[in-house]
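The values are calculated or read from the model by the stated rules, or taken from the named source; none is laboratory data. In this text the structure is predicted, and so the values were computed from the model without any measurement. In this analysis, Cβ positions are derived from the backbone assuming ideal geometry, glycine residues included, and neighbour counts consider all displayed protein chains.
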Amino acid sequence: MKFSSPFHLVTFSPWPLLTSFSVFFLMMGFMKWMNLNSLNLMLLSLLILVFCLFQWWRDVIRESTFQGFHGYLIVKMLRFSFILFIISELFFFISFFWSFFHMMLSPPIELGNCWPPQGIIPFDPLGIPLVNSFILITSGMTVTLSHYSLLLENMNKSKNSLLLTIILGMIFTLFQLIEYNMSSFTMADSIYGSLFFMMTGFHGIHVLIGSIFLGCCYLRMLNNHFTFYHHVGFEMASWYWHFVDIVWLFLYIIVYWLST
């Protein structure tokens, strides 16, 4: 059965189970940090999670690049699976936007029948948020340039464009942290503060994950793992990055612009 299947039947791997446990304890550590101001469990779980992901991705790279297990059918199903993953992420953000519109269009009397609530000073949409918008739009252009350069077998241009994309992603994250530090309200300041930090923070985590995703692709590109006809990992990373860009545009328009 295993040798007659057109699909790659993976061998037993401990990494999915260990990764699940590490994510569970990471969330427990996060709650412990929020309530007891203790970072020990969260940092230990984070280190274990990074180790498990590194080992898991190492095995996948070996199976695809060096053992040749990722043929046409496997690549096709990987693309389809990743599209489903992006759709599931989209519904995460839809739930947040739904909550935001629910409170914005019909603010309760506890908030003073106004939006933003009384006492909340929203961010200037023409300040750091606008700069971050330009940064992410530019990064979307550079990752597309990197992809097309790879298709044209211009590896140097592809590497440089991808590196620029990663740098822009890190700059975006830095500006987001600066904005949080300048905030006049916190996550505990009414439903507006909760939704603002949940939506922008959840998006910021996606930017950080996307930067790591692209960083792994950059290291693989330096080691000549990609060709113009076999680069499904980089292709999915670019899809993920474009998804992050589009979500930010909606965040900027709805959370920053309409709220003022």
Residue that is farthest from ILE137 (Cα to Cα) [pool: residues in the stretch 217-242 that are of a type in the set (Ser, Thr, Tyr) and surrounded by 15 or more Cβ atoms within 10 Å (Cβ to Cβ)]: TYR218
Regarding MET31, is this residue buried (at least 17 other Cβ atoms within 10 Å of the Cβ) and assigned to a helix (DSSP H, G or I)? no
Residue that is nearest to TRP239 (Cα to Cα) [pool: residues in the stretch 134-154 that are in contact (Cβ under 8 Å) with a residue 12 or more places away in the chain, in a helix (DSSP H, G or I) and among the hydrophobic types (A, V, I, L, M, F, W, C)]: VAL143
Just to be sure before I move on: is SER64 polar (S, T, N, Q) and in contact with a helix residue (DSSP H, G or I) (Cβ under 7 Å, 6 or more places away or on another chain) in the structure I sent? no
Which residues, taken from the stretch 55-81, are closer than 17 Å to MET221 by Cα, at pLDDT 80 or above and aromatic (Phe, Trp, Tyr)? TRP57
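Here's the yes/no breakdown for (1) surrounded by fewer than 19 Cβ atoms within 10 Å (Cβ to Cβ); (2) within 21 Å of HIS206 (Cα to Cα):
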site	(1), (2)
PRO129	no, yes
ASN132	no, yes
LEU136	no, yes
MET141	yes, yes
SER149	no, no
GLU153	yes, no
LEU168	no, yes
ILE171	yes, yes
Could we say that PHE30 is at pLDDT 90 or above and within 24 Å of PHE213 (Cα to Cα) here? no
Contacts under 6 angstrom Cβ, first residue in the stretch 99-114 being of a type in the set (Asp, Glu), partner at pLDDT 85 or above, 6 or more apart: none
